[in-house]
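Comments concern the structure below.
The values are calculated or read from the model by the stated rules, or taken from the named source; none is laboratory data. Model, not experiment: these values are computed from the prediction. Using ideal geometry, Cβ is built from the backbone for each residue, glycine included, and neighbour counts are taken over all protein chains shown.
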Amino acid sequence: MFLAAALPARAQTADPSAEAKVRIGPLAMTPTIALLNAGVDNNVFNEPNQLSPKSDYTFTVEPKLDAWLHVGGTIVIGYATEDLVYYRKYTSERSANGHFSIGLLVPLTRLTLEGKVGYVNTRERPGFEIDARSQRIELSYDGSAEVRVLSKTLVGVTARRQKVDYDKAAVFLDSNLRFELNRIVDTEGVTVRHELTPLTSLIFEAAREQDRFQFSSLRDSDSTLITGGVKFDPFALIRGSATFGYRDFQPRTPGVPGYSGSTASVDLTYVALGSTKVTGRATRDVQYSYDVNQPYYVLTGIGGELAQQIFGPVDVVGRAGVQRLDYRTRAGAVVAAANRTDYVHTYGGGFGYHMSRDFRVGFDVDHSHRDSAVDLRQYNGLRYGLSVTYGF
């Protein structure tokens, strides 16, 4: 079965490098390279119909590497990917988008220590709101310590710092993104994890988050987060995690409304009978806006993908999703539509042919549509083209 080949049954082992394709002594690696979206983007800038959207030929080359280095009982974990984006006519949209991380996992008798440094240097769109491809750098530090207090129960502490730094020339709809969105986010929390099975854990976390903006202190906020959910090991039949919780989001500036409500983060994948792969995703949380008069919105999204083998090495894929952006307006601000709600609908599909276990050629079509009370924020987009993925 092609899906079984692409996603082989996983052994019950805690070694994250168990499926590495290349091994050199203590070093294990899984390198891949992909050619993505080799075709047409009929709305390069996500423009509304009245501005005559621009079309161009585009493709992305994506080399990727996962690596694990065993040093005694310690594991060094590395990840690197570089998206090389090409547009034929609109050269301003060409970019090299790098995502890198290196971490250290130290499992002791009853104590496990983990640390990670992440670095992103990209011109990718930062989300569903900002349509400009603007240069930004994100640097993050994560650390955690977890101790086993009972045979199946572990208690831990976590800390994270993230710095977001936009380029000086990053502008969207007359707003300088560096001035509006440069920030440092500090998060500290405590966790309780209970191992239902060797591959499934229940997780509870309580955390405190502080967002401090470099130039726009109007946006500064403090949050209390409480979440609970389930996490499946990468070697489980169902993979991924699903967490639900509550955020008390309190801006530090009077006149900016707060948010107290539910949050969610779901990303689950299940392979049935080796020939059907089902993926479900959902999210709900606060996101910052470029617009100082509507400084944030609550993003609620749901989506999924279904891949089905139809015969031999041939598969078909269908996907769809919808995102809801609920904006919050600053008291006294004059805006085009107060407390508006925008929707972004996406759907698409394609088919692929597996030349071998790690070599797939496909053709995909994806459509996106944004509804908004602000005319200039509405758009339709269509992308279609070839993709080739090869794993070494």
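Quick notes on this structure:
- When residue 222 is tested against the conditions (1) farther than 23 Å from residue 103 by Cβ; (2) surrounded by 17 or more Cβ atoms within 10 Å (Cβ to Cβ); (3) without any contact (Cβ under 8 Å) to a residue 60 or more places away in the chain, the lone failure is (2).
- Subset of the stretch 281-314 that is small (Gly, Ala, Ser) and not in a strand (DSSP E or B) - its residue that is surrounded by the fewest Cβ atoms within 10 Å (Cβ to Cβ): 312
- When residues in the stretch 175-202 are screened for being more than 30 Å from residue 165 (Cα to Cα), of a type outside the set (Gly, Ala, Ser) and either under 20 Å from the mean Cα position of the chain (by Cα) or crowded, with 18+ Cβ neighbours inside 10 Å (or both), 1 of them pass.
- Enumeration of residues in the stretch 230-272 that are modelled with pLDDT of 95 or more, among the β-branched types (Val, Ile, Thr) and more than 30 Å from residue 331 (Cα to Cα): 230, 243, 266, 269
- Members of the stretch 348-358 that are surrounded by fewer than 18 Cβ atoms within 10 Å (Cβ to Cβ) and modelled with pLDDT of 95 or more: 349, 351, 353
Residues are listed down the side, and each one gets a yes or a no for (1) out of contact with any Lys or Arg (no Cβ under 6 Å at 6 or more places or on another chain); (2) under 23 Å from residue 180 (Cα atoms); (3) among the acidic types (Asp, Glu); (4) in a strand (DSSP E or B):
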| residue | (1), (2), (3), (4) |
| --- | --- |
| 210 | yes, yes, no, yes |
| 254 | yes, yes, no, no |
| 261 | yes, no, no, yes |
| 270 | yes, no, no, yes |
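- For the stretch 303-354, taking the residues that are among the charged types (D, E, K, R) and touching a Leu at 6+ places or on another chain (Cβ under 9 Å), the one that is farthest from residue 217 (Cα to Cα) is identified as 315.
- Filter result for residue 112 (surrounded by 16 or more Cβ atoms within 10 Å (Cβ to Cβ) and under 30 Å from residue 25 (Cβ atoms)): yes
- Condition met for residue 206 (at pLDDT 95 or above, among the aliphatic types (A, V, I, L, M) and more than 21 Å from residue 144 (Cα to Cα)): no
- Hits in the stretch 321-347 - residues which are among the hydrophobic types (A, V, I, L, M, F, W, C), surrounded by fewer than 18 Cβ atoms within 10 Å (Cβ to Cβ) and under 21 Å from residue 43 (Cβ atoms): 322
- Checking each residue in the stretch 260-280 for being under 21 Å from the mean Cα position of the chain (by Cα), buried (at least 16 other Cβ atoms within 10 Å of the Cβ) and not β-branched (Val, Ile, Thr) picks out 264, 265, 268, 277, 280.
Results for (1) within 24 Å of residue 225 (Cα to Cα); (2) free of Cβ contacts under 8 Å to residues at least 12 places away in the same chain; (3) out of contact with any Gly (no Cβ under 8 Å at 6 or more places or on another chain); (4) among the polar types (S, T, N, Q), shown as yes or no for each residue.
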{"site": "172", "(1), (2), (3), (4)": "no, no, yes, no"}
{"site": "188", "(1), (2), (3), (4)": "yes, no, yes, no"}
{"site": "199", "(1), (2), (3), (4)": "no, no, yes, no"}
{"site": "204", "(1), (2), (3), (4)": "yes, no, no, no"}
{"site": "207", "(1), (2), (3), (4)": "yes, no, no, no"}
{"site": "213", "(1), (2), (3), (4)": "yes, no, yes, no"}
